[in-house]
Each structure stands twice: as structure tokens, then as C-alpha cells.
Amino acid sequence: MKGSLIILAFFAVGLVGGIYDAFPSWLLSEDLTTYALFILMFLVGISIGSDKNAFYVLRKLNFKVILVPLTVVVGSLVGTSLISILLSDINVKEAMAVGAGFGYYSLSSIFIGQLHSQELGVIALLSNIFREIITLLAVPVLVKYFGKLAGIATGGATAMDTTLPVIVKFTGKDYGIIAIFSGIVLTILVPVLVTMILEFM
Amino acid sequence: MTSYIVIALFAVGIGIGWLMRDKEKARKGVDSAVTWSVYLLLFLLGISVGINDEIINNFSRIGYKAFWLTFGAVVGSVLLAKVVYQFFFKTGNEE
């Protein structure tokens, strides 16, 4: 939660400064953002690859846990594409790209803002922050009505870190490892799926 | 093009990360570098949104769309999670 507030603060400072033209024009260059994105993705890769926890978790699980991140992927993409039918000014592709953020708002918004449009980037930022907040607040209720995978499912990519404590608290320690596994798989899938949806659909 | 470079760098990063998995200090450094690049990029996204009048003037509509997309993603995931849980994860003593 604290992390998302800091990120929102950086976004807000940029936003307000942008509205009042407070920044020099070199900050607005496409190239700067592109290179920063290259560096970020390379670093995120290193961070995931060097996570020993990930490989430890993999050894302890049986095959059917792959169903959990798959559930989140299918559920999020189908859910958002159905919503796009109801909203007049967003198409299926855009809606699915936002849904493929799986709560990973920082990366998905940056990615979508760069590959598609800033407007969709902002939608991804807000939508995926909402997803994290809903998870933090609603896990107890969701678990009660939708079973023990519900918290991991709403948490999406955040189930491995920010929302893990609430998930474990309301579904039990034995589901903690499934939550971490699902979160890691989804974190890796965010850039891959967002790209595939925006480039090939 | 950008997207392919990004995915390639991501994949190379995962490989390099795997080789670095025992270098505790370097890992910490990488993690804080990730945090600061995220701050930088969100700050830059903020600026480009701020100078874009079309987005600023439609902010409430953008929030509205974001809310409903979240709703769709959450409901879709949770409903499917219920089915998957019933069929594959629920054990007899959890009835």
C-alpha cells in the first residue's frame, strides 16, 4: 500500500507539473522513456531470475497449480472483454490489455502507455491499483463466497508480495506457496501478454 | 519494435538474474534500481499525461472505465477460481 502511494505521488507530481508546463522539454522526449523502459525491463528480469524463492517454490508444487495463474489469465481477460462490450469507447483489445496487468500497475501502465496510448496507460494504472486495493479489502468476503483460490485470483501478480499477507491470513499458510507461484508466473506474463494483445490482436 | 526489444531484454535479464542468484548484495542493488526506474517512468508518464489536454479533460471518464474494467477482471477471475477450486483443489474435509 505504501509502495502504491509513493508511485502515485511520482505520477501526480509529473501530472501537475505537466499541466502547468513546469518541466523542460527534454524530459518529454520519447527516447528518454523508451530507454528507461529498456533498463527497467532488463532489471525486472534480473530481479525475477535471481529470486531463489521462485525455484524453491517450483520444486514444492504439483502440476495442477499451473491452473491457478491460468485461471487468473482467463478470468481477467474474459471479464474485461465482456466489460468492453458495455463501454462504448474502449475496444476488446484495449480492455484485455488493461486486464492483462493482473494488478501489476506500475509495469502495465508504463508498458501500455508506451506501446498504445497514454490514455490507456492511465486507465491501466488506475484499474490495476483498484485491483490491488479491492484485494486488500475484500479477500475475507471473496474467500467466503468463492473458495480458497479467490484471494489469489483477485490478487493476480500482487499475490506474491503486496497482497500475500492478507491472502495467507484468510486462506491459510498452505495456500501461501500457491499464491507466490501464481504471482511469479503472472508477473512474468504481464509484459508478454500485454505485448501480444496490443501487437497481434 | 520497441516491444520486442523490451521482451528480449526481459528474457536476457532473467537469464543473468539466474546466474546472479547467490550475489545477495547485487540483488539488493538491482531491486532498488527497479524501484527508482519505476518512479522515474511513472513520473514521466505523469508529465506526458499532464500536457495532454484530451486526457485531462476526460479524467472522470477514464476513472469510470478503469473502475468497470477492474470489476470485470475481478469478477471473471473470482468466478473461474470458484469453479477451479471446486473441481481441483477442494478436499473432502473442507466440505
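Every read-out reported here was derived from the displayed coordinates using simple, explicitly stated rules and does not represent laboratory data. Fair warning: this is a prediction, and the values are worked out from it, not measured in the lab. Note: ideal-geometry Cβ built from the backbone for every residue, glycine included; neighbour counts use all protein chains shown.
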Coil-residue trypsin sites (Lys or Arg not before Pro) of segment A:6-107, DSSP, other Cβ within 10 Å capped at 16: A:K60
Gain in span if fully extended, A:E199 to A:K169, counting 0.36 nm per residue against the direct Cα distance: 6.9 nm
Candidates per trypsin sites (Lys or Arg not before Pro) in segment B:11-74, loop by DSSP, up to 14 other Cβ within 10 Å: B:K23
Cα long-axis angle, helix A:176-200 against chain A (0 to 90 degrees, to the nearest 10): 40
Cα gyration tensor category, rounded, prolate or oblate, for segment A:1-114 with a/c compared to 1.5: oblate
Sequence ranges A:189-198, B:30-39, ranked by mean other-Cβ count within 10 angstrom, highest first: A:189-198, B:30-39
Inter-site label distance for B:D31 and A:I133 at 7 Å from Cα along Cβ, in nm: 2.7
By average C-beta atoms within 10 angstrom, highest first, the peptides B:40-53, A:136-149, B:69-82: B:69-82, B:40-53, A:136-149
The protein assembly as shown - charge dipole about Cα centre, Lys and Arg +1 at Cβ, Asp and Glu -1, debye rounded to 20: 1200
All-pairs alpha carbon distance profile, chain B, 10 Å steps from 0, percent: 12, 19, 24, 30, 14, 2
Per-residue Cβ neighbour rank within 10 angstrom, fewest leading, A:S108, A:S76: A:S108, A:S76
Mean separation of Cα contacts under 8 Å (6+ apart) over length of chain A, as relative contact order %: 21
Within 10 Å of each Cβ in A:60-68, the average number of Cβ atoms from other chains: 2
Centre separation in Å (Cα based) which lies between segment A:67-124 and segment B:3-44: 23
Cα-only Debye scattering, chain A: base-10 log of I(q)/I(0) at q = 0.09, 0.11, 0.12, 0.14 Å⁻¹: -0.35, -0.53, -0.63, -0.84
Whole-Å distance, taken between Cα centres, linking segment A:34-49 and segment A:145-201: 21
